[in-house]
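Encoded as structure tokens, the structure appears first; notes follow it.
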Amino acid sequence: MDEPMRRGGRPRRSSAEVLADAAAELFLEQGYARTTVDQIAVRAGVSRATFFNYFTAKSDVLWLDLDAAVASLPGLLAASTEPSAVRAVEEALLAAARAHDPERVPWAIAQAEVMGIGPELVASVATRVTAQHATVAAFVAGRTGDHPAALWPQTVSGAMLGAAGAAFGVWVADGVARDPLVHYVAAALSPVAAGLDEV
């Protein structure tokens, strides 16, 4: 079934997005540390129990889109018919960037100072980045016969995800005049993939 549409022909926000947006508003208004899960639930118009149907911790609301990208990556990699493992990773990261809703800018990055984001949030994003790295390294290892911890899978994963992460950061910083995310990711990945593919 198609997702319900809101005005302007865009899909309605999911319950998780409503909660994430409510949390972002509160973090901007009073800071991360002073905001409680109960306050987020009230702002979103749901119960505390509903909050925990979607998120396991308060910090998770800031990484909704990153979590979606992490979840989609194994499927995108598995679906690739590209014979080069490097190019397959490039295709998967471009597909994830293309699927990203341009209206969903991660406030944790764009307004980190205003929100008062601390070590807890740095740790929570590090966990997610580590998961992405492990997924890509395992895929490359599966294609090459290496162990995921071997140098080549680790190099490909680190270089490709590093370039994509840099592109994402620039996209966020470019503000309302930003181009689609996939343009940034493509420009960052292209020289890195070309260099790796020659090895």
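Please identify the GluC sites (Glu not before Pro) of region 41-105 that satisfy two criteria: DSSP loop assignment and at most 15 other Cβ atoms within 10 Å. Which are they?
Here the sparse-neighbourhood loop sites are Glu103.
Go through region 49-60 residue by residue and turn each phi into a ³J(HN,Hα) via Karplus (6.51, -1.76, 1.60, θ = phi - 60°); whole Hz please, and just put x for glycine and proline.
Computed from phi, the couplings for region 49-60 are 4, 5, 3, 7, 6, 10, 9, 8, 8, 4, 5, 5 Hz.
Which order do the peptides 178-185, 191-198 take when ranked by the mean count of other beta-carbon atoms within 10 Å per residue, highest first?
178-185, 191-198
In a Gaussian network model over the chain where Cα atoms closer than 10 Å are linked, find which of Ala78, Ala188, Ala44 has the largest mean-square fluctuation.
The residue that fluctuates most here is Ala78.
Can you give the three extents of the C-alpha atoms in region 111-171 along their principal axes, from longest to shortest, in whole Å?
Result for region 111-171: principal-axis Cα extents of 46, 23, 14 Å.
Of Met115, Val140, Met160, whose Cα points farthest to the positive end of the dipole of the chain (charges on the beta-carbon: +1 Lys, Arg; -1 Asp, Glu; origin at the Cα centre)?
Checking the options against the dipole of the chain, the answer is Met115.
When each pair of different Cα atoms in region 56-123 is counted once in the 1/r mean, what is the Kirkwood radius in angstroms, to one decimal?
Values: mean 1/r = 0.0728 Å⁻¹.
In region 56-123 this quantity evaluates to 13.7 Å.
In deg cm²/dmol and to the nearest 500, what is the mean residue ellipticity at 222 nm of the chain if only DSSP H runs of at least 4 residues count, each as -39500 (n - 2.57), divided by the residue total?
For the chain, the value works out to -22000 deg cm²/dmol.
Give, rounded to the nearest 20 debye, the magnitude of the charge dipole that the chain has about its Cα centre when Lys and Arg contribute +1 at Cβ and Asp and Glu contribute -1 at Cβ.
It comes to approximately 440 debye.
Given (i) 1, 7, 14, 17, 18, 15, 12, 8, 5, 2, 0; (ii) 1, 7, 12, 14, 15, 15, 13, 10, 7, 3, 1, 1, 1, 0, 0, 0; (iii) 1, 7, 15, 20, 22, 19, 11, 4, 1, 0, which label gives P(r) over Cα pairs in 5 Å bins from 0, in percent as computed from the coordinates?
(i)
Highest mean first, what order results for 31-39, 62-70 on Cβ atoms within 10 Å?
Numbers: 31-39: 15.2, 62-70: 19.3.
Ranking, from highest mean packing down: 62-70, 31-39.
Tally up the carbon and sulfur contribution to the accessible surface of region 56-156 as a whole percent, 1.4 Å probe, everything protein left in place. Working shown, then result.
Working: 3130 of 4990 Å².
The nonpolar share, carbon plus sulfur, comes to 63 percent.
Find the accessible area per residue for the chain; the probe is 1.4 Å, ligands and nucleic acids are left out, and the unit is Å². Numbers along the way, then the final one.
Numbers: 10550 Å² over 199 residues.
Per residue, the chain has an accessible area of 53 Å².
The values are calculated or read from the model by the stated rules, or taken from the named source; none is laboratory data. Small disclaimer: the values here were computed from a predicted structure and weren't measured. Neighbour counts run over all protein chains shown; Cβ positions are idealised from the backbone, glycine included. Accessible surface areas use protein heavy atoms only, side chains included; no ligands, DNA or RNA. Shrake-Rupley method; radii C 1.70, N 1.55, O 1.52, S 1.80 Å.
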